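Below is one structure; the comments refer to it alone.
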Amino acid sequence: METMIVTDWHAHWIPPEVTALFEARTNPPCIRRNAAGTRVFHADAATILPLKEHQLDLGLRRTEMDAAGIDRQVLSLAVLYGMGLDRLPAALEGAVVAAYNDGLARMIRQNERRFSGLAALPVHDLAQAPAILERAMTEQGLLGAVLPAEAFADRPMAERYAPLFAAASRLGAHLFIHPGAWRSPHDPADNDEAAIIRRRAVRFQNDLTAAALTFEHTAFLDPYPGATIHLANLGGSLALLAERIALTADRMGLTPEQGDGRLQRILIDSASFGPGGLALAVANLGPNRLLLGSDSPALPLAPAIAAVTAAAIDEDERRAILTGQTAKG
């Protein structure tokens, strides 16, 4: 039997090239040392965030991967030390994107057996994104790119990315749709004890659900068959909503294809869900649509593997999730 290579498709890392760029700056956003000598990230004049040095350490990461039985991680940029790219000054964004992609490509060349990578792309200057993606894939050895879920809340918003998706389809890119930055640290809905749950659970999942509906239930993806579209965290709440979509399809006037409720166009990953959620996703969204994801290093690796191992799914599906067989075609 072919050796099983277990692949985690949802993991993040910031290369030292990016850290050095912010250390060289004197004004926020920048990295400075506090009174205790610890490096911290000054997002702006009022916001200081911990650097979480252990999350940047590749040695610790490889040790955890070995312990969990994960052979390879596909790395991407989620946020910069807790701040989204959209909060960067537009003039700085290009330098950060270039430093990230160069640093990630360098590290992967040195660790080809353990890591693959997805490029960062600008959010302020979308016109540059297709060329950056092309260089990432043809010169830097990256698999594709990561994009913010909020950009695909509906088809008119998604159409802004049409030139990028055309390039992605031509190149055979893997596009990872991940929750973006919080819209505002002072959102009026975030003023009680449930604030963190609203941000990290409900809001992130709502953004992913809206993006999944754009990809699955509009014609946006029709011109781009060559691109692989992968959504984080089970694609939001689709596993729960699929039955409701199917049961109310006539009332909503959906076509039979839309009313099926099962995934036809996108892949989803298992990050931040347990065996119950995974089993529900396979049952309601269809087989061979799920990838292993951990959200490492924000979350530990062992529970991600344990969820797949314990899920009430058949062994062929379990193997497909662990190996990323679906993403490979």
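Each reported figure results from applying straightforward, stated rules to the coordinates on display, with no laboratory input. Bear in mind that the values here come from a model prediction, so they are computed numbers and not experimental data. Heads up, the Cβs are rebuilt from the backbone with ideal geometry, glycines too, and the neighbour counts pull from every protein chain shown.
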Calculated from backbone phi, Karplus (6.51, -1.76, 1.60) coupling profile of segment 231-241 in Hz, x at Gly/Pro: 9, 6, 6, 6, x, x, 9, 4, 4, 7, 7
Calculate, in nm to one decimal, what residue 23 and residue 55 gain on full extension: separation in residues at 0.36 nm each, minus their alpha carbon distance. 9.8 nm
Compactness of the chain, expressed as Rg and Dmax over alpha-carbon positions, Å: 19.5, 64
Size of electric dipole in segment 1-134: Cβ of Lys, Arg +1 and of Asp, Glu -1, about Cα centre, debye, nearest 20: 400 debye
So if the hydrodynamic radius of segment 27-119 is defined as the Kirkwood radius over C-alpha pairs, what does Stokes-Einstein give as its diffusion coefficient at 10 °C and 1.306 mPa s, in µm² per second? 106 µm²/s
Could you give the length gained by full extension between residue 134 and residue 260, i.e. 0.36 nm per residue of separation minus their alpha carbon distance, to one decimal place? 41.8 nm
Per the helix-only calculation at 222 nm, which mean residue ellipticity applies to the chain, given -39500 (n - 2.57) for every DSSP H run of n ≥ 4 and division by its residues, nearest 500 deg cm²/dmol? -11000 deg cm²/dmol
From phi via Karplus (6.51, -1.76, 1.60), per-residue ³J(HN,Hα) for segment 117-127 in Hz, x at Gly/Pro: x, 10, 5, 7, 10, x, 9, 7, 10, 5, 4
In whole angstrom, how far apart do the alpha carbon centroids of segment 1-30 and segment 233-261 sit? 36 Å
Net charge near residue 152, counting Lys/Arg +1 and Asp/Glu -1 over other residues with Cβ under 14 Å of its Cβ? -2
Rounded to whole Hz, the Karplus (6.51, -1.76, 1.60) HN-Hα couplings of segment 157-162, x for glycine and proline: 5, 4, 4, 4, 9, 4
In nm², the average projected area of the convex hull spanned by the Cα atoms of segment 4-45 is 4.7 nm²
Counting Lys and Arg as +1 and Asp and Glu as -1, each charge on the Cβ, what is the dipole of the chain about the Cα centre in debye, to the nearest 20? 520 debye
Percent antiparallel among DSSP beta bridges with both residues in the chain, to the nearest 5? 25 percent
What is the set of long-range amide H partners of residue 119 at a cut-off below 5 Å, with H atoms built 1.01 Å from backbone N? 143, 144, 145, 146
